[in-house]
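Reading through the structure tokens given below for one structure.
Laboratory data are not the source of any read-out in this text; all were calculated from the coordinates shown. Since we're looking at a predicted model, the values are computed, not measured. Cβ coordinates were reconstructed from backbone atoms using ideal geometry, including for glycine residues, and neighbour counts include every protein chain displayed.
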Amino acid sequence: MTTNGNRQERRAARAGGQLDTTAFIALADRFIDLANRENRKVNATQLHMAFLYAAARYNAYVAKNVINIEDHEEFVTKMAGDYQEMLRNHLADPQL
């Protein structure tokens, strides 16, 4: 994810496959929208585990095939820490 720059920089970054903060949040919101639609048919306690499984599966694919991580445990520790920080931030959000 890139930081927010001027409009031209943001467009160039997006064209190159990079996400600025606004695009990052919009993409995350699309995943949340999908979860909300699925929640009409699937119990939330099962749905959140399916999303977690999918995230783990996709992250493993990226680690092994895109960024070629050699030290799997170091990557797992980093990803788990990132997830913990995000989860704590969202749990502390009074608007959630």
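Descriptive notes on the structure:
- Prolate/oblate/rounded label for the range 43-96 (Cα gyration tensor, a/c 1.5): oblate
- Magnitude of the charge dipole, the range 43-96, Cβ model with Lys/Arg +1 and Asp/Glu -1, debye to 20: 240 debye
- Membrane-span-like helices in the chain, defined here as complete DSSP H runs extending at least 27 Å along the helix axis by their C-alpha atoms with mean Kyte-Doolittle hydropathy no lower than -1.0, are 72-91; this is a sequence and geometry rule, not a statement about a membrane.
- Amide H contacts under 5 Å for residue 19, placed H, 5+ residues apart: 2
- Within the range 24-80, trypsin sites (Lys or Arg not before Pro) in DSSP loop having at most 12 other beta-carbon neighbours inside 10 Å: 40, 41
- Listed values (1) 43, 36, 25; (2) 59, 41, 16; (3) 66, 23, 11, entry calculated as Cα extents along the principal axes in Å: (1)
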